[in-house]
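Below is one structure, written out as structure tokens; comments come after it.
The values are calculated or read from the model by the stated rules, or taken from the named source; none is laboratory data. Everything numeric here is computed off the predicted structure, so don't read it as measured data. Every residue, glycine among them, receives a Cβ derived from its backbone with ideal geometry; neighbour counts consider all protein chains shown.
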Amino acid sequence: MGRRQVFVRFSGCNLNCNYCDTPQSRDFNVGDFLDVDELYRRIEELITPDFYSVSFTGGEPLLQADFLKDFLENHDLNTMLETNGSLPGELRKIVKFIEYASLDIKLPEHEAVSDWEDLFQQEMACIKILIEEGIDSYCKLVVLPSTQVDTVGSLAARMKDELSEDSKLSLVVQPASPLELWGGKISKLLKISEKAGEHVDVLTIPQVHKLLNLR
């Protein structure tokens, strides 16, 4: 947060979260069709002296892991992966080429898939891959005004139980945008943070680019 990133948004997503703020990105036919060299040229045009990294986001970028692997093998950039954590096999293809990762954790109430338990296990498998490879990473959990404090506490406890005791894992709690939804409910965010903090390192960070009115 606070550093200059270039965002590359991939079309297509395999989940259907009810809070999604870019539903158009679920469609594989939205956007420009680029080869790896054209993508690199467009990124170069956006690099400024304060450039920090390129963020590959979506949709779900791991649905195009082979393209990403080709790009990352041939172009040297500081890179971050933003993923829903549902595709551990695809993550293994590119994990050695990335420096940072942000991995979403879904709640059952997000209605992302019909089988939440299976999704959770895939997310944990991805987290373990990132930890094993020494990637600087964190988990992100979007919470809604309706999200129950104990629901987040139970999830954080399960995450801790799935990992070894020496694993360093931070959970970023992200209140769903717009923040007007949280009018009069900020104390609930603090309670969510307290409960999650019983099990994992926790931060509460809103979508800063929305606060700055950046798209």
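Values as computed for the structure displayed
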item	result
Conditions (1) surrounded by 19 or more Cβ atoms within 10 Å (Cβ to Cβ); (2) on the phi > 0 side of the Ramachandran plot; number of the one not met by Glu111	(1)
Residues satisfying the stated conditions in segment 23-38, i.e. surrounded by fewer than 17 Cβ atoms within 10 Å (Cβ to Cβ) and either touching a residue at least 12 places away in the same chain (Cβ under 8 Å) or under 28 Å from Pro178 (Cβ atoms) (or both)	Pro23, Gln24, Asp27, Phe28, Asn29, Val30, Gly31, Val36
Residue that is farthest from Asp104 (Cα to Cα), among those in segment 187-208 that are acidic (Asp, Glu) and out of contact with any Gly (no Cβ under 7 Å at 6 or more places or on another chain)	Glu194
Test result for Ser154, in a helix (DSSP H, G or I), surrounded by fewer than 17 Cβ atoms within 10 Å (Cβ to Cβ) and among the small types (Gly, Ala, Ser)	yes
Test result for Gly85, at positive phi, modelled with pLDDT of 95 or more and touching a Cys at 6+ places or on another chain (Cβ under 8 Å)	yes
Pick from segment 159-178, criterion surrounded by 14 or more Cβ atoms within 10 Å (Cβ to Cβ) and out of contact with any strand residue (DSSP E or B) (no Cβ under 8 Å at 6 or more places or on another chain), ranking: nearest to Leu211 (Cα to Cα)	Ser177
One residue from Lys160, Lys168 being more than 24 Å from Cys13 (Cβ to Cβ) and in contact (Cβ under 8 Å) with a residue 40 or more places away in the chain	Lys160
Considering residues of segment 124-151 that are closer than 13 Å to His110 by Cα and out of contact with any Lys or Arg (no Cβ under 6 Å at 6 or more places or on another chain) only, the residue surrounded by the most Cβ atoms within 10 Å (Cβ to Cβ)	Val143
Where Met159 falls short, out of the listed (1) assigned to a loop (DSSP other than H, G, I, E, B); (2) within 27 Å of Thr57 (Cα to Cα)	(1)
Extreme residue, farthest from Ser177 (Cα to Cα), among residues of segment 187-214 that are surrounded by fewer than 15 Cβ atoms within 10 Å (Cβ to Cβ) and polar (S, T, N, Q)	Ser187
Output for segment 49-78, where each listed residue is in contact with a strand residue (DSSP E or B) (Cβ under 6 Å, 6 or more places away or on another chain) and surrounded by fewer than 22 Cβ atoms within 10 Å (Cβ to Cβ)	Asp50, Phe51, Tyr52, Ser53, Ser55, Thr57, Leu77, Asn78
Matching residues, segment 114-154, being basic (Lys, Arg) and farther than 16 Å from Val173 by Cα	Lys128
So Thr48, is it under 16 Å from Arg4 (Cα atoms) and β-branched (Val, Ile, Thr)	yes
Residue tally, condition loosely packed, with under 13 Cβ neighbours inside 10 Å and without any contact (Cβ under 8 Å) to a residue 60 or more places away in the chain, over segment 3-22	2
